[in-house]
Amino acid sequence: MKLTTASKITVVRMILIPVVLVLMYVDFTGHMYWALAVFIIASCSDFVDGYIARHYNQVTNFGKFIDPLADKLLVISVMLVFVEMNRFPAWALLIVVVREFAVTGLRLIAMERGRVIAAAWSGKIKTAATMVCFCLMMLPIPDALVTACWIVVVLTTVYSGVEYFIKNAEVFR
């Protein structure tokens, strides 16, 4: 299988995940700033590979599989570290994981019925809000702002998950 440019960028994003995690854990002066920089690169690569795939007709089955997987792994991996650092409640992480499994399940059921569920704007807003909040949470910010960040992540996650199910309720009929 020959990888497209878009898929190569996605693979690089997956390779950057352990780099972000190691930088978050290793204790040296400025380690979180380095983790933040790599996280920003990984997050931005999601938009870049999507643009390249659509603009240059590089949409592949491999890309359709690996891109959302890379996104979920990046987000959940960083959230797990934040849970360990007491910057993100474990129950909030569970809400995010349940939403991801539920929406993926909904998409699989729809696919079985010959229907494709495109990404909704609320899902894109959720992703952008999560990435911005994680960037902030890697910085030395006040606890109140950390709390506001994880609340934003949870609220956008719940809203987008509920919207997916409401807009696609006919899949279950």
**OP:** For segment 127-149, state whether one or more residues are open to solvent by 40 Å² or more (accessible area, probe 1.4 Å), more than 22 Å from Met32 (Cβ to Cβ) and within 13 Å of the chain's Cα centre (by Cα).
**Re:** no
Original post:
Restricting the first residue to segment 10-24 and requiring it to be among the basic types (Lys, Arg), which pairs with a second residue that is open to solvent by less than 40 Å² (accessible area, probe 1.4 Å) meet a Cβ separation below 7 Å and a spacing of at least six or different chains?
Top reply: Arg13/Ala42; Arg13/Ser45; Arg13/Asp46; Arg13/Ala70; Arg13/Leu74
Subject >> Lone qualifier among Gly63, Gly30, Gly50 - being loosely packed, with under 13 Cβ neighbours inside 10 Å and farther than 19 Å from Val83 by Cα >> reply: Gly30
Subject >> Failed item, numbered, when Ile141 is tested on (1) modelled with pLDDT of 90 or more; (2) part of a helix (DSSP H, G or I) >> reply: (2)
Original post:
If you take the residues of segment 69-118 that are under 22 Å from Ala148 (Cβ atoms) and not in a helix (DSSP H, G or I), which of them is least open to solvent (accessible area, probe 1.4 Å)?
Top reply: Phe88
Subject >> Test set (1) modelled with pLDDT under 95; (2) farther than 21 Å from Ile40 by Cα - Val158 fails condition number >> reply: (1)
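The values are calculated or read from the model by the stated rules, or taken from the named source; none is laboratory data. In this text, all values refer to a predicted model and were calculated from it rather than measured experimentally. Using ideal geometry, Cβ is built from the backbone for each residue, glycine included, and neighbour counts are taken over all protein chains shown. Side chains are part of the model used for accessible areas, which takes the heavy atoms of the whole protein and leaves out ligands, DNA and RNA. Shrake-Rupley method; radii C 1.70, N 1.55, O 1.52, S 1.80 Å.
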